[in-house]
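These notes concern the structure reproduced below.
The values are calculated or read from the model by the stated rules, or taken from the named source; none is laboratory data. Remember, predicted model here, so these are calculated numbers, not experimental data. Virtual Cβ from ideal backbone geometry, glycine too; neighbours counted across all protein chains shown.
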Amino acid sequence: MSKEEAELLEVMTGKHFVTGNIAVAEGSLAAGCKFFGGYPITPSSEIAEHMARRLPQINGHFVQFEDEIASIASILGASWGGSKSMTATSGPGYSLMVENIGLGMMTETPCVIVNVQRGGPSTGLPTLVGQQDVMQTKWGSHGDYEPIVISPSTVQESFDLVISAFNFSEQYRLPVTFLMDETIGHMSEKLVIPAKEKIKIVNRKKPTVPPEEYLPYKAGKDLVPLMAIAGDGYRVMMTGLTHDERGYPEISAEAQEKNVRRINDKIRKNKKKIIKTEEYKLDDADIALISFGTSARAAKGSVNRARKKGIKVGLLRLITVWPFPDERIDLLADQVKKIIVPEINYGQITREIERSSHGKTEVKGIFKLGGAIHTPEEILKEIEKGK
Amino acid sequence: MVEEKIELIESHEHPLDGYLRKGRIPHIFCPGCSLGSITTVIVDAILAAGLDPKKVAVVSGIGCTGRISGYLNFDSFHTTHGRAIPFAIGLGITDPERKVIVISGDGDLFAIGGNHFIHAARRNADITVICVNNFNYGMTGGQVGPTSYIGQFQTTAPYGAVEEPFNLPDLATSCGAVYVARWTALDVRRMKDSLVEALSKKGFSFVEVLGSCPTTYGRRNQLAEGKMILEFYKDHTELQHGADTREVGIEKDGPLIVGKFVDIEGRPTLTDHLLDLQKRGRASVSKE
Amino acid sequence: MARVEVRFAGFGGQGIGLMGRLVGEAVALYEKGKNSVMTQSYGPESRGGASSADVVIDTEEIDFPKATELDYFVVLSEEAYNKYIPKLKKGGILFVEENLVHLDDNANKAKQIFKIPATKIAETLGSKIFANIAMLGYVCANAKDIVSEEALVTVMKQKIKARYIEKNLIAFKKGKEYKQEG
């Protein structure tokens, strides 16, 4: 098989009826993923299984490691070797990965971590849905960092948005978490894969100056440094220690200020370009639902049902969960008399919404602690209470 | 008696210029620590092995030995505690021509990172692992570790270490390493030759170097100076190439068996397997 | 068209998941203007025991992906019948493998009950593994708002391995043409 034929196989253009797990795997290949290091865990295992079959077909590599820690470490290594790389897991595995997600944040390493959420804490509900890792994707690793986390609501989005996840990871140089859940991961829906040339791919920017002039952690206006990879001749220097622009460890408050402020600010200051939400019938709403992932489907259903009854309710769906759309929610709090937040946890995003609505409106969470998704009727009940 | 003429050379160049990172020296290692000289030996070996410097990557975990990667002017990666090996495997897979060398300490590689070590040996990953064994956690202040021998005193073993230590060459051998050797920090010539062999080998090669750590190990164990540790090595070392690795465990005051223990040919490596999988994957497509 | 919820259920090994996938895919990819979502139970019950696959069909966007009030319940085992019959909505339609399922009073809420000896039909083709497809043929012929024969056969030809397709198509035809007694 020629190189061109292998490239064709990377994008399975056409109509498919597949699960979210298969869609995310195919999306990663379309984004250019060439290395997957993983460890099986329900309900994400189908991603690893699919990658094990597909990657060798397109001159990529799949390795099943001894645990999730090795898996995340391996994809960081592969990224520095120049491959777009991914791993996939669920809550217990994500917990094991967080230290190395921190390494990826500190060393500004592009890669994608898929978390197909199940109910927790601990082993929890291996085969059943949860949305309890939202805060962990924000705060999981120690230290300050600003993550990008994307949450799909459909099988189609599992494909489309994991490409965005790769693009963000390459553009802003950081590990991006793709936050799915068991329901999306395991349900089958129509997936339309476009032609390869229709898919927008972003690749990390590389230095072009001679090696002696290259400062690996000096950033320009976008605050994202150019990335040389191993073998480019730039003698890459990567460390999880606080470092200066040369990449050399520097254990001082001054170096820390500069280094850590920049890796946070590169996301904070670009967040308008990153944040993505869907607004549904919000224009005239006096009640707003805010939701993400699977829960947003039922939320949309409840909006439709309520509208038929003449209740003015709309939905703000978080497509990027992090960075958080504080400013939009602040505005929304001026507009509506109540914000209802269905989520499959005990109030994680609800607290963020309370924070960003500044007490200007009532915020009411509808919590399920995992194992089942909300029905539109359950959410409708809460809407009707507030009308 | 012929008097040997010694000529002093004055030069602004150092033999390792270009292989150590500018501005990173002086290093942080303690007086009497062997890591400086071991670094020299590693660079000498990389050069003697004829490796293309562009295709050499060094990966470390955390700890004193883990700092070596940062002084070397190759592609160098200082990762998290215990995770150098899987990082190195991912890095290596992206280019089969790349030589990836993991340099780390006994605590990093065999306590927190032990699981990765045994699996990397099992899958015959194409990496060379150099472990500088200083018998304790040096950087964190001298705690007992997985290679501390019974009766060794450390800050968290104030009454003496009581647990059986790992026999590192035997662990590597039993897990499938294709090259296994042990040297002391004193054996610089043999260590270099051995490292050249290890680096030239495909698959998982492992070299243990018994280091000298006067500050946090020696002081508590009647070996308070680097020189004393090296003298102890000189007096207690036995060279036994091909020794049965089951017999090379380290005990207090016991002999230190060094040598090349394992050198196997022909075992397929992880890279071999992965390239074969690509062939099978492509074949499955043409069948479809 | 309003939302339609279909559950296929039986025991592990009857190819229940395949029934759901074929119908789901046929609707989603080959029925103009229709959407479908297929979900399977992923609990321990999907190994051995009762196995199920749900297909939700709608001309609108499918907000809630799970089946809660079944319009159709297609069942090929007693255990699955007992477990899921409460989910059939009043006035729903029941398809049963008549030799493997004993109906009880719970079935009275069904508007219509279609019975077929799907396994026996399959055995005339050499193996009971074709029972699921015989049942699909029967469902296809008698349930007007699930899936068209054309769409389903198109998907079967793509998804079923070449060496099995011929017999499956016969099983499908036999199911389609089956008329229950009485």
I'd like the full set of residues that are without any contact (Cβ under 8 Å) to a residue 40 or more places away in the chain and in a strand (DSSP E or B), limited to region B:225-238. B:238
Within region B:142-201, take every residue that is within 14 Å of residue B:38 (Cβ to Cβ) and out of contact with any strand residue (DSSP E or B) (no Cβ under 8 Å at 6 or more places or on another chain) and give me the one that is surrounded by the most Cβ atoms within 10 Å (Cβ to Cβ). B:192
Across (1) surrounded by fewer than 21 Cβ atoms within 10 Å (Cβ to Cβ); (2) under 19 Å from the mean Cα position of the chain (by Cα), residue A:53 clears everything bar (2)
Failed condition for residue B:44, given (1) out of contact with any helix residue (DSSP H, G or I) (no Cβ under 7 Å at 6 or more places or on another chain); (2) away from every other protein chain (no Cβ under 14 Å); (3) assigned to a helix (DSSP H, G or I), with all others met? (1)
Would you check if there is a residue in region B:24-41 being at the interface with chain A (Cβ under 10 Å from one of its Cβ atoms), within 25 Å of residue B:215 (Cβ to Cβ) and of a type outside the set (A, V, I, L, M, F, W, C)? yes
Do any strands (runs of 3 or more DSSP E) lying entirely in region A:202-300 carry at least 1 residues that are within 14 Å of chain B (Cβ to nearest Cβ) and within 21 Å of residue B:77 (Cβ to Cβ), and which ones are they? A:237-239
Can you tell me which of B:101, B:89 is facing chain A (nearest Cβ under 7 Å) and hydrophobic (A, V, I, L, M, F, W, C)? B:89
Can you name the number of the only condition in (1) more than 23 Å from residue A:118 (Cα to Cα); (2) touching a residue at least 40 places away in the same chain (Cβ under 8 Å); (3) touching an Asp or Glu at 6+ places or on another chain (Cβ under 8 Å) that residue A:322 fails? (1)
Would you point out the residue of region A:41-83, among those that are at the interface with another protein chain (Cβ under 7 Å from one of its Cβ atoms) and among the charged types (D, E, K, R), that is farthest from residue A:155 (Cα to Cα)? A:66
For residue B:150, only one of the following conditions fails: (1) in a loop (DSSP other than H, G, I, E, B); (2) within 14 Å of the chain's Cα centre (by Cα). What is its number? (2)
Looking only at residues that are hydroxyl-bearing (Ser, Thr, Tyr) and farther than 14 Å from residue C:8 by Cβ in region C:91-146, which one is surrounded by the most Cβ atoms within 10 Å (Cβ to Cβ)? C:119
One residue is enough: does region A:187-199 have a residue meeting the conditions surrounded by 16 or more Cβ atoms within 10 Å (Cβ to Cβ), within 14 Å of chain B (Cβ to nearest Cβ) and either of a type in the set (Phe, Trp, Tyr) or within 22 Å of residue A:36 (Cβ to Cβ) (or both)? no
From the list A:46, A:68, which one is buried (at least 24 other Cβ atoms within 10 Å of the Cβ) and among the charged types (D, E, K, R)? A:68
For residue C:64, which of the numbered conditions (1) under 27 Å from residue C:150 (Cα atoms); (2) in contact with a Pro (Cβ under 8 Å, 6 or more places away or on another chain) fails to hold? (1)
Those residues of region B:222-263 that are modelled with pLDDT under 95 and of a type in the set (Gly, Ala, Ser) come to a total of 3
Which pairs do you get when a residue that is more than 11 Å from residue C:75 (Cβ to Cβ), found in region C:96-108, comes within reach of a residue that is assigned to a loop (DSSP other than H, G, I, E, B), reach meaning Cβ atoms under 9 angstrom, with the pair 6+ apart or on two chains? C:99/C:117
